[in-house]
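Since the structure comes first, as structure tokens, the remarks are kept for the end.
The values are calculated or read from the model by the stated rules, or taken from the named source; none is laboratory data. Note that the structure is predicted; figures quoted are calculated from it, not measured. Virtual Cβ from ideal backbone geometry, glycine too; neighbours counted across all protein chains shown. The area values use the complete protein model at the heavy-atom level, side chains included, leaving out ligands, DNA and RNA. Shrake-Rupley method; radii C 1.70, N 1.55, O 1.52, S 1.80 Å.
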Number of protein chains: 2
Amino acid sequence: MSNNANITQVDKETNITIAGAGPVGALLAVVLGRRGYKVKLYESRPDSREHDVYQGKSINIALSDRGWLALESVGIADKIRETAIPMRKRVMHGVDGTLTEQVYGVKDQAIWSVSRSGINEQLLDLAEQESSVDLFFNKRLTHIDFVSGCASFSKGKHHIEVDADYVFGADGAYSKVRRLAQETSRFSYSQSYMPQCYIELTIPANENESGDARFKMEKEALHIWPRKDFMLIALPNPDGTFTCTLFLNYEGEVSFNTLKKRGSVTAFFNDYFSDAMTLLENPVDEFMAKTANPLFLVNVDPWVINQKVALIGDAAHAMVPFYGQGMNCGFEDCRELAELIDSHQHDWKKIFPAYQAQRKINADAITELAKRNFVEMSEHAGDKLFLLRKKIEAKFHQIHPELWVPLYSMVTFCPNLPYSQALKIGEHQQEIMNQIMQVPNIENCWQDDFIYQKLQQLVEFHFKDELTARGDK
Amino acid sequence: MSNNANITQVDKETNITIAGAGPVGALLAVVLGRRGYKVKLYESRPDSREHDVYQGKSINIALSDRGWLALESVGIADKIRETAIPMRKRVMHGVDGTLTEQVYGVKDQAIWSVSRSGINEQLLDLAEQESSVDLFFNKRLTHIDFVSGCASFSKGKHHIEVDADYVFGADGAYSKVRRLAQETSRFSYSQSYMPQCYIELTIPANENESGDARFKMEKEALHIWPRKDFMLIALPNPDGTFTCTLFLNYEGEVSFNTLKKRGSVTAFFNDYFSDAMTLLENPVDEFMAKTANPLFLVNVDPWVINQKVALIGDAAHAMVPFYGQGMNCGFEDCRELAELIDSHQHDWKKIFPAYQAQRKINADAITELAKRNFVEMSEHAGDKLFLLRKKIEAKFHQIHPELWVPLYSMVTFCPNLPYSQALKIGEHQQEIMNQIMQVPNIENCWQDDFIYQKLQQLVEFHFKDELTARGDK
């Protein structure tokens, strides 16, 4: 079943239990199954391929190059791309309805709107094709023996115990494996709530239309209504609808806590999102009917307990959605784990420490970047000087692509650059751009040659070690 | 029973459940009982006054002025002082056995070695004298309804449900209340393990001696063997013994993980603690028989859930023991809560938010200071330039007590200065002392007048706002 010549097979029977059959758990099952492991994949919910557990809601997420690279490594990227919609730019919607655009990358670079349930189901199908992978739904994890690797699952009053050599917790942001791991010794853990919560809203398709005419706004874009302390975003779906997410403070002056009455909610949408109001389907009813979902980050250490039980994906590093990297990072966990299995020849005494060392530092970096990005999306995206800064960066990137790749592009379009390095380089870049933005009259002279000469000098000074190292290669 | 004229009585029947009858839970029961609340105090362990749950181990802790102030507020300070031993200085034991001293404060200032179980039992006796306080032992908390305030406790197969208006979790570093609170919405939480673990060792008393001659080392001192990555400390007990604590890394070159064989443990003690080796009771046997205890910090937000359930003491802010402030901070929680109850006239809608706002910032500050202090105790305490720095600070404090109180003294001997302010002032002081220590030939000129003139100038510059504000009062 493999499309990768480097895949190695484990040479003795080794059982692995995976808790959680979301996108990351399913991909992990494929990766391990293809390497000869006997995998049992358990999920507490019903099989969404047989039961509509999503109640018709199409929740989409942004897939970018790190995710694609992982999907390519198991040969399913092309199939998923068939229903993915490229988003080539941000379209910012001002309070007065004016639109501003910002392309994400160069040429064909884009991030992709994909259906979370669709990608999950395609990966489950792929896992099921592996003879050594078995799937079990409606089984809720109740206990793990972190020494023996025995995991207990329940369905109603029935309990089963599952022995395994290794256990993976791929059970998401609210991971039960992680909660159980908190009882083990020396397990450092944090969960931090953001001030914002979110609800999902819908922009329906144009009726009686077909093709791209079904879309009420530009299709191949991520739409943002940046309003500083809150924002609305919209991602396109193949059926012509947009799934929108409203991010708003939990408490405070304008917040889910204060917006309780129909009149004030209507005024809120009319005041801040007047152009969206004409597109959204019953936003006021939806707002009043829905419970705001919290946003939180998780940090754990270690990721691997007793060389026996490991966390992966959101279970290890739940982050906020503001960089669109949550699932991409989880997929990257799987891809790099697969490479470690091959390079360490199935020696888990080496694989686990390398996995922890290699992945945690990068998950920490993207978690931090995602947290910072709320300000960029909600506040700066509507700010003229910020947009100018991005334009200068983009122009310099065009002139000297070897000297400057914008941070967003490093994270999104450079899947072989670790997140932690992107973060570090990005911080240097910010210092440099702070200096450039202080050039007098920058609004008018930003296209002049001397700006880019100065940028080049600053880069060569800031990054001299890196540039030397690159030259040495 | 009150010795405080400002105490106010609640005017309608109000029930409060306290989980945890350690020193903080017991003091809280006294504070609430005296204000007319119907208090039920539950403890999972047996009553140590009837059963020796400590198995003869005398664990002592350092009590300082914040703790005394809280104990005075309930009129029990004098009684506890009867068996407390003042520690007026640090005595540092070098690798070669040479001793260096550093006094903690001025005049009679001292920190006090007290028995943890002794102080706990005296507070339980005091709580029991309140007619509105009931104590229950051997009852393990199993569940809390965070909306109704109903708490469930079990003893073996027997379960009881206890209704209350309010619930306090005073159940320590491993708090069950806090663990249950993690399941409530928007509860931010972190537990961070330190690289060090600890075990307790004992220096026995001299046999056939009486009075102070029973002590094998200077009695009225806290003894430290600072060895950079690890350290041993010893606090005196009234029976002539010292309780020692060895802090050592969990893993790494010299660590609990690598010291597994008798030979290497013996060599470790001989190499690093040769003078203590002649005093300690079977340190090698003890080291090999004992399991290393972890050290961790806890940070939670909020401290109060649904205006119904609140955390207090270690349950809210477990910290590392390197500033000797853990119990002092918990006692201060109780004292300030009592003041808030009186000033807000039993209006818990005001008391709880004020308690959270006032205490969390200060607990965060002392948690941070305690973490930093490991380096001061284990590394700097043996460092000549560090000791010189402390001498200069002490001398300046003597000349200008109104301009400079060393950080340690602010934390330990200024119970009305919030921890958060001590931390902030301490950071300014560090910057100032960094400049002073750069004066050429400081080792020889440190007693000269110009040093203290320079210090005065720096203080007046750094603290000009604070000094002006102080002058305005």
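Over chain B, the ratio between the Cα radius of gyration and 2.2 N^0.38 Å evaluates to 1.03.
Subtracting the Cα-Cα distance of residue B:213 and residue B:416 from 0.36 nm times their residue separation leaves 69.3 nm of extension gain. Across peptide A:339-350, the mean count of Cβ atoms from other chains lying within 10 Å of each residue's own Cβ comes to 0. Neighbouring Cβ atoms from other chains, within 10 Å of the Cβ of residues in B:180-192, number 4 on average.
Hey, what angle do you get for helix B:116-128 against the long axis of chain B, alpha-carbon based, 0 to 90 degrees rounded to 10? In chain B, helix B:116-128 runs at an angle near 30 degrees to the longest axis.
Measure nothing but the geometry: give the 0 to 90° angle between the long axis through the Cα atoms of A:419-436 and the longest principal axis through the Cα atoms of chain A, rounded to 10°. So the helix axis and the longest Cα principal axis differ by about 10 degrees.
Report, in whole Å, the centroid distance computed from the Cα atoms of segment B:115-147 and segment B:190-212. The two parts, judged by their Cα centres, are 27 Å apart. Chain B residue nearest by beta-carbon to the axis mapping B to A, with distance in Å: B:190, 2. Measuring between their Cα centroids, segment B:290-358 and segment B:29-105 lie 17 Å from each other.
Rounded to the nearest 20, the size of the Cβ-charge dipole of the protein assembly as shown about its Cα centre is 620 debye, with Lys and Arg at +1 and Asp and Glu at -1.
The residue among B:426, B:358, B:378 whose Cα reaches farthest toward the positive pole of the charge dipole of segment B:345-435, with charges on the beta-carbon of Lys, Arg, Asp and Glu, is B:358.
Take residue B:250: with every protein chain present and a 1.4 Å probe, its accessible area is about 80 Å².
Listed peptides A:223-230, B:199-206 appear in the order A:223-230, B:199-206 once ranked by packing, highest mean of other Cβ atoms within 10 Å at the front. Helix A:326-343 against the longest principal axis of chain A: what's the angle in degrees, Cα atoms only, rounded to the nearest 10? Helix A:326-343 and the main axis of chain A meet at about 50 degrees. Sequence-ordered 3J(HN,Hα) estimates for segment B:438-453 from the Karplus curve with 6.51, -1.76 and 1.60 and θ = phi - 60° stand at 8, 4, x, 6, 4, 4, 9, 9, 5, 8, 6, 4, 5, 4, 7, 5 Hz, glycine and proline given as x. Each peptide among B:44-51, A:346-353 gets the average number of other Cβ atoms lying within 10 Å of its residues, and from highest to lowest they stand as A:346-353, B:44-51. The relative contact order of chain B comes to 17 percent, based on Cα pairs under 8 Å that sit 6 or more residues apart. So which of B:40/B:79; A:260/A:391; A:107/A:424; A:261/B:360 end up more than 32 Å apart by C-alpha? Over 32 Å Cα-Cα: A:260/A:391; A:261/B:360. Annotation: amide H of residue A:296 within the under-5 Å range of A:194, sequence separation 5 or more or interchain, hydrogens built in the peptide plane. Distance between the 7 Å Cα→Cβ label points at residue A:454 and residue A:267: 4.6 nm. Computed across segment B:383-472, the Kirkwood radius stands at 13.6 Å (inverse of mean 1/r, all Cα pairs). Counting only DSSP H runs of at least 4 residues, each contributing -39500 (n - 2.57), and dividing by the residue count of chain B, the helix-based mean residue ellipticity at 222 nm comes to -12000 deg cm²/dmol.
Ordering B:327-333, A:96-102, A:160-166 by mean Cβ neighbour count within 10 Å, with the highest value first, yields B:327-333, A:160-166, A:96-102. Residues whose amide H lies under 5 Å from that of residue A:39, counting only those 5 or more places away or on a different chain, are A:16, A:133, A:134; hydrogens are built 1.01 Å from N in the peptide plane.
Residue by residue along B:288-301, Cβ atoms of other protein chains within 10 Å of the local Cβ number 1 on average. Between amide H atoms placed 1.01 Å from N, distances below 5 Å from residue A:379 occur with A:228, all of them 5 or more places distant or on a separate chain. On the principal axes of its alpha-carbon atoms, the protein assembly as shown has extents of 98, 72, 66 Å, going from largest to smallest. Here the 3J(HN,Hα) profile of segment B:302-310, calculated from phi with Karplus coefficients 6.51, -1.76 and 1.60 at θ = phi - 60°, is x, 7, 10, 10, 6, 6, 10, 10, 10 Hz, Gly and Pro shown as x. Considering only alpha-carbon pairs that sit under 8 angstrom and 6 or more positions apart, the relative contact order computed for segment A:180-274 is 25 percent.
For segment B:399-458, applying the loop criterion from DSSP together with a ceiling of 15 other beta carbons within 10 Å to the chymotrypsin sites (Phe, Trp or Tyr not before Pro) yields no site.
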